[in-house]
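A.B. asks: Before we start, here is the structure in question, set down as structure tokens.
The values are calculated or read from the model by the stated rules, or taken from the named source; none is laboratory data. Everything numeric in this text was worked out from a predicted model, so none of it was measured. All Cβ positions, glycine included, derive from the backbone under ideal geometry; neighbour counts span all protein chains shown. SASA here: full protein model, heavy atoms, side chains in, ligands and nucleic acids out. Shrake-Rupley method; radii C 1.70, N 1.55, O 1.52, S 1.80 Å.
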Amino acid sequence: MSSRPRNRGFTLVEVMVALAIIAIALTAVAAKMGRMVDTSNSMRERTYASWVAQNKIAEMRLADTIPEVSSTSGETYFANTNWEWRAVVSESGIENLYRIDVTITYPGTDDVIRTVTGFIGEPSPPGQANRIWQQGAQSAGSTT
């Protein structure tokens, strides 16, 4: 019998199995990271599209005119990107209150990124918008 110590190490099969497990795990991590990046980009696009639509609704409100029941469209540049918008004004069923649906897409595509809905009422003279609220507060204060 030999008194020489026996060297114990990993066999080639064990090393290959370990490398295969690591390769599978790294592939799964890389795929997950790719999906996270895609999700992040999609969320950014939808957020920007929402802001573009809200800006369009604000512009229509600030025009201080009663909107026509119609459809308009155009392009705008925001956040280093060109956006195409389409605004559809319809009646809401309440007198002098109009519904606006603004749909945002990329120019040349029909893929809707975001649709935002807003309402526009008949414009009031400057300084008169809060009169109803002020009268309501005064009458509420006098009853106590």
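A.B. asks: For the range 1-55, give the percent of accessible area contributed by carbon and sulfur heavy atoms, probe 1.4 Å, rounded to a whole number. Let's see the in-between values first.
C.D. replies: Working: 3230 of 4990 Å².
Accessible surface attributable to carbon and sulfur in the range 1-55 totals 65 percent.
A.B. asks: Determine ³J(HN,Hα), in whole Hz, for all residues of the range 110-119 in sequence, where each value follows from phi through the Karplus function 6.51 cos²θ - 1.76 cosθ + 1.60 and θ = phi - 60°; x replaces Gly and Pro.
C.D. replies: Coupling constants for the range 110-119: 10, 6, 6, 8, 7, 10, 10, 10, x, 10 Hz.
A.B. asks: Any idea of the accessible area per residue across the range 53-110, 1.4 Å probe, to the nearest Å²?
C.D. replies: Averaged over the residues of the range 53-110, the accessible area is 64 Å².
A.B. asks: Okay, moving on. Amide H of THR81: which non-local residues (sequence gap of 5 or more, or other chain) have their own amide H closer than 5 Å, using H built in the peptide plane?
C.D. replies: none
A.B. asks: Ok, one more. Kindly identify the range 26-106 as rounded, prolate or oblate by the Cα gyration tensor criterion: order the square roots of the eigenvalues as a ≥ b ≥ c, call it rounded if a/c is under 1.5, otherwise compare a/b with b/c, prolate if a/b is larger, else oblate.
C.D. replies: On the way: a/c = 3.83, a/b = 2.72, b/c = 1.41.
Prolate, because a/c is 1.5 or more and a/b exceeds b/c.
A.B. asks: Lys and Arg at +1, Asp and Glu at -1: add these up for the other residues within a Cβ distance under 10 Å of SER90 and post the number. If you can, show how the numbers build up before the last one.
C.D. replies: Working: positive: ARG99; negative: GLU91, ASP101.
Result for the local shell: -1.
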